[in-house]
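What follows is a set of notes on a single structure, which appears directly below.
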Amino acid sequence: MSIWSKVLLSCVCPLAVLALSACGEATAGGAGKAVASVTPHGAGTGAAGNSRTATGAQGTFKEVADPTEASAHPVVGAVHHAAAKTPEKAGAVVAAGALSDAEVKRELAQMHAVQRSAKQAQQHQLIPVPGGQSIGGDGTLPIPTNVPEVIQKVVAGANEITDFPYVFGGGHASFVDNAYDCSGSVSYALAAGGLLSAPETSGELESWGAPGPGKYITVYANAGHTYMYVDGILYDTAGRSGTYASRWQVGGTDNSGYVVRHYPGL
């Protein structure tokens, strides 16, 4: 064997091993049906399989496993949760007697003080489940009435998958899945409000919407992780209190190292 053949083999073999060790993606399932044979990525292994190339609506991105995955309680083995509804149906539930967008805009100036007070009271009422920061109860938030309808739909969509397990790659191939990772969760909730037409990876969400924080919704994203604040409440897969714990969480988190995005006008 020539020296050039040996050099070629020494380059190709590690790449093949890396490809074989990459995380398997969660498979989209039909509504109401369980999807099995989902192989989650091992949490915090630091192995070569912690990165992969992901192709989404905006192109191809190098995606790495969530660096906070160890606190997200990844599932070991197959996932047996029923598939989620489509985001449009999940976000169709809004609060009774909710104000219209026009009414919100007219009254917003005089309601700022009231909103701040109510938000602080809501934060104090949220009690985390022992072992993490997930909120207690059934894991869902009440649909707020003093926000635009689109924000109500985002909250309703996020509520729909609060108890779904975390699996790296879940929700990437389709909004309808039986497990979701960080970007899959955020994508699902945004889609319920009509703010996203296809799932996006955390890297893609770095260019979602417009730069800077929003009034009602702010997305934080980098190559390895994404989360958001909706009406002041943290929605994140890291810090969950268990495999099926809520993505809504008490308190906040360190936002350093993330691109900050919001939807224009929100």
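The one condition from (1) at pLDDT 95 or above; (2) surrounded by 20 or more Cβ atoms within 10 Å (Cβ to Cβ) that residue 210 does not meet is (2). Being within 18 Å of residue 134 (Cα to Cα) and out of contact with any strand residue (DSSP E or B) (no Cβ under 7 Å at 6 or more places or on another chain) is the filter here; which residues of the range 211-232 pass it? Once the filter is applied, which keeps residues that are within 18 Å of residue 134 (Cα to Cα) and out of contact with any strand residue (DSSP E or B) (no Cβ under 7 Å at 6 or more places or on another chain), the range 211-232 yields 225, 231, 232. For residue 77, indicate whether it is among the small types (Gly, Ala, Ser), crowded, with 18+ Cβ neighbours inside 10 Å, modelled with pLDDT of 70 or more and part of a loop (DSSP other than H, G, I, E, B). The answer is no for residue 77. Of all residues in the range 231-246, those that are buried (at least 24 other Cβ atoms within 10 Å of the Cβ) and of a type in the set (A, V, I, L, M, F, W, C) total 1.
The residue pairs whose first member lies in the range 220-235 and is at positive phi, whose second member is modelled with pLDDT of 95 or more and not charged (D, E, K, R), and whose beta carbons are closer than 6 Å, counting only pairs six or more residues apart or on different chains, are 231/216. Taken over the range 113-151, the criterion of being of a type in the set (Ser, Thr, Tyr) and modelled with pLDDT of 75 or more is satisfied by 134, 140, 145.
Residues that are over 16 Å from residue 141 (Cβ atoms) and at pLDDT 95 or above do occur in the range 225-237, at least one of them. Within the range 247-260, identify whether any single residue is surrounded by 24 or more Cβ atoms within 10 Å (Cβ to Cβ) and either in contact with a Lys or Arg (Cβ under 8 Å, 6 or more places away or on another chain) or closer than 15 Å to residue 84 by Cβ (or both), and answer yes or no. Checked against the condition, which is being surrounded by 24 or more Cβ atoms within 10 Å (Cβ to Cβ) and either in contact with a Lys or Arg (Cβ under 8 Å, 6 or more places away or on another chain) or closer than 15 Å to residue 84 by Cβ (or both), the range 247-260 yields at least one hit.
Checking 210, 238 one by one, the residue that is in contact (Cβ under 8 Å) with a residue 12 or more places away in the chain and either within 13 Å of the chain's Cα centre (by Cα) or closer than 19 Å to residue 161 by Cα (or both) is 238 and no other.
Among residues of the range 207-224 being of a type in the set (S, T, N, Q) and in contact with a Gly (Cβ under 9 Å, 6 or more places away or on another chain), the one that is farthest from residue 195 (Cα to Cα) is 222.
The values are calculated or read from the model by the stated rules, or taken from the named source; none is laboratory data. None of these values were measured; they are calculated from a predicted model. Note: ideal-geometry Cβ built from the backbone for every residue, glycine included; neighbour counts use all protein chains shown.
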